[in-house]
Amino acid sequence: MNKYEIMFYFLITLIFLFNFSLNYKYILLTLISLEFLIMSIFFNIYTLSMNSNMNMFILLYFLTFCVCESTMGLSLIVLMNRFETTPMSQSLTMIMW
């Protein structure tokens, strides 16, 4: 891996962090940008670990944390939809925080 790939992954991380800060009012877009942010951080950790011959178990722990985070986000959306809106009237505004 060369330094341009590492710079590219860090640039992607910064772009998704900026996108995450702009779309904080819409919960669905926030969760999607958070997932892309986590995946770009995963690629950063992967490229750095391949360059330094680190142990790959850290990536397994990180991916486990990512799955738990995304599951909690989806359950939050389901709970908000169930308790905050009626089924027919406000289904289009479900992505609003």
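The values are calculated or read from the model by the stated rules, or taken from the named source; none is laboratory data. None of these values were measured; they are calculated from a predicted model. Note that each Cβ is placed from the backbone with ideal geometry, even for glycine, and that neighbours are counted across all protein chains shown.
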Restricted to the stretch 48-97, and to residues that are under 26 Å from TYR4 (Cα atoms) and assigned to a loop (DSSP other than H, G, I, E, B), which residue is modelled with the highest pLDDT? MET56
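Quick check on the stretch 18-45: of everything there that is over 21 Å from VAL67 (Cβ atoms) and surrounded by 14 or more Cβ atoms within 10 Å (Cβ to Cβ), which residue is modelled with the highest pLDDT?
Once the filter is applied, the top-ranked residue is ASN19.
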Can you confirm whether TYR9 is out of contact with any Cys (no Cβ under 7 Å at 6 or more places or on another chain), at pLDDT 80 or above, in a helix (DSSP H, G or I) and surrounded by 15 or more Cβ atoms within 10 Å (Cβ to Cβ)? no
Only one of SER40, SER21 is under 20 Å from LEU59 (Cβ atoms) and among the small types (Gly, Ala, Ser); which? SER40
Note on the stretch 46-76: residues surrounded by 16 or more Cβ atoms within 10 Å (Cβ to Cβ) and in contact with a Leu (Cβ under 8 Å, 6 or more places away or on another chain) are TYR46, GLY73
